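Just so it is clear, none of the values below were taken in a lab; they were calculated from the coordinates. Quantities reported herein were computed from a predicted structural model and do not represent experimental measurements. With ideal geometry, Cβ positions are generated from the backbone for all residues, glycine too; neighbour counts draw on all protein chains shown.
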Amino acid sequence: MRAEDLLPDHLDHRDFNGTRVRKGTVGAFLINARCWCDPATPAQQRAAAEREVLAALPALQALGLFELLQVRDPALRALCGQS
C-alpha cells in the first residue's frame, strides 16, 4: 500500500476505528516527542509538546501504531500509556 492509497492528496483526514485522524498526525507526534525528550527544550515548549503528544494518542491508537511499535524512551513510553 502506498501513502496516497491510504489518504489521497485531496483529503486531509480519514476515520480509523471511529476516530478522525488528520494527515500529518504521525509526523507531528514524532516532532513533538523529540522536542519533549530533549533536555534542552525550554519548559514552556516542552509543556506544549506534551499537550500535543497527549492529544495525538487517540488517533495513534486508532491507527494501531503502538500495537506494532514501542516507544524506546522510558519517560515518553509512560506518557503514552505504554508499559
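A few points about this structure:
- Once the Cα atoms are used to define both axes, helix 43-63 deviates from the longest principal axis of the chain by about 30 degrees.
- Extension gain for Leu7-Ala48 works out to 12.0 nm (0.36 nm per residue, less the C-alpha to C-alpha distance).
- Cα-based shape type of the stretch 32-76, given that a ≥ b ≥ c are square roots of the gyration tensor eigenvalues and the cut on a/c is 1.5: oblate
- Applying the Karplus relation 6.51 cos²θ - 1.76 cosθ + 1.60 with θ = phi - 60° to the stretch 23-36 yields 3J(HN,Hα) values of 4, x, 4, 5, x, 5, 4, 4, 5, 5, 5, 4, 4, 5 Hz, where x marks Gly and Pro.
- Since only Ala3, Ile31, Ala78 are under comparison, the one whose Cα sits farthest along the positive direction of the charge dipole of the chain, derived from C-beta charges on Lys, Arg, Asp and Glu, is Ala78.
- The chain shape via C-alpha gyration tensor axes, a/c threshold 1.5: prolate
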